[in-house]
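What follows is a set of notes on a single structure, which appears directly below.
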Amino acid sequence: MNERSKLAQGQAGVMLLEALIAILIFSLGILSLVALQATAIQLTGDAKYRTDATLLANRLIGQMWVSGLNPVTDTDAFRAEFATAGGIEYDAWLADVSGPEGLPGVVAASDGVDSTLPIVTVRNAGEIEITLRWRTPEMPTTGEDTDTSCRRSRHCHIIVSQIARNP
């Protein structure tokens, strides 16, 4: 056997091995791009819900400003209009939040379903806190994101505003 045939015999199958490694690297790259796209779609949905929550909360704050009530001097009347527990303006705003143009999955607590109703707290000195929570279509109806303080929840948005009128 000559030297060239021994060298050629030692190289047999190397090109096939290189092609398989190249296909493996290419496949891993494509799978990474698919995973990146899925994550981007999920984050875009989360951003949309957070933006909608901000717009809905700002709408209520705007209604508070134009109501003519001063939360500093007329705290009880202001709570009667806007606080969570049966406020007249709150109930009208809640219909917008839980309607088709509102946030998904905003429901009162019932059998096997955790509440995601928004909470409006009117504090002294005109400080208003609005807590909005939502449940995306893929979320279970109970057990996930039940933290009412919103510390660990991705599906929660808190807005704090100061509403005070000059006397």
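Data overview
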| quantity | calculated |
| --- | --- |
| Region 104-127, subset in a helix (DSSP H, G or I) and modelled with pLDDT under 80, residue surrounded by the fewest Cβ atoms within 10 Å (Cβ to Cβ) | N124 |
| Of residues in region 128-149 being closer than 21 Å to L55 by Cβ and among the charged types (D, E, K, R), the one modelled with the lowest pLDDT | D145 |
| Filtered residues of region 75-93 (kept if more than 10 Å from V122 (Cβ to Cβ) and modelled with pLDDT under 80) | A85, G86 |
| Enumeration of residues in region 65-83 that are among the hydrophobic types (A, V, I, L, M, F, W, C), more than 16 Å from E129 (Cβ to Cβ) and surrounded by 15 or more Cβ atoms within 10 Å (Cβ to Cβ) | L69, A80 |
| Flag if L60 is surrounded by 13 or more Cβ atoms within 10 Å (Cβ to Cβ), of a type in the set (A, V, I, L, M) and closer than 18 Å to R123 by Cβ | yes |
| Test: residue in region 48-67 that is part of a loop (DSSP other than H, G, I, E, B) and either under 16 Å from I158 (Cα atoms) or modelled with pLDDT under 85 (or both) | yes |
| Test: residue in region 11-24 that is at negative phi, modelled with pLDDT of 90 or more and polar (S, T, N, Q) | no |
| Odd one out for T136, checked against (1) in contact (Cβ under 8 Å) with a residue 60 or more places away in the chain; (2) over 20 Å from the mean Cα position of the chain (by Cα); (3) assigned to a loop (DSSP other than H, G, I, E, B) | (2) |
| Filtered residues of region 32-51 (kept if under 30 Å from W93 (Cα atoms) and either within 9 Å of the chain's Cα centre (by Cα) or among the hydrophobic types (A, V, I, L, M, F, W, C) (or both)) | I41, L43, G45, D46, A47, K48, Y49, R50, T51 |
| Count of region 84-103 residues which are buried (at least 18 other Cβ atoms within 10 Å of the Cβ) and within 24 Å of the chain's Cα centre (by Cα) | 7 |
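The values are calculated or read from the model by the stated rules, or taken from the named source; none is laboratory data. Note that the structure is a prediction, hence the values are computed from the model and not measured. A quick note on method: Cβ atoms are made from the backbone with ideal geometry, for glycine too, and the neighbour counts reach across all protein chains shown.
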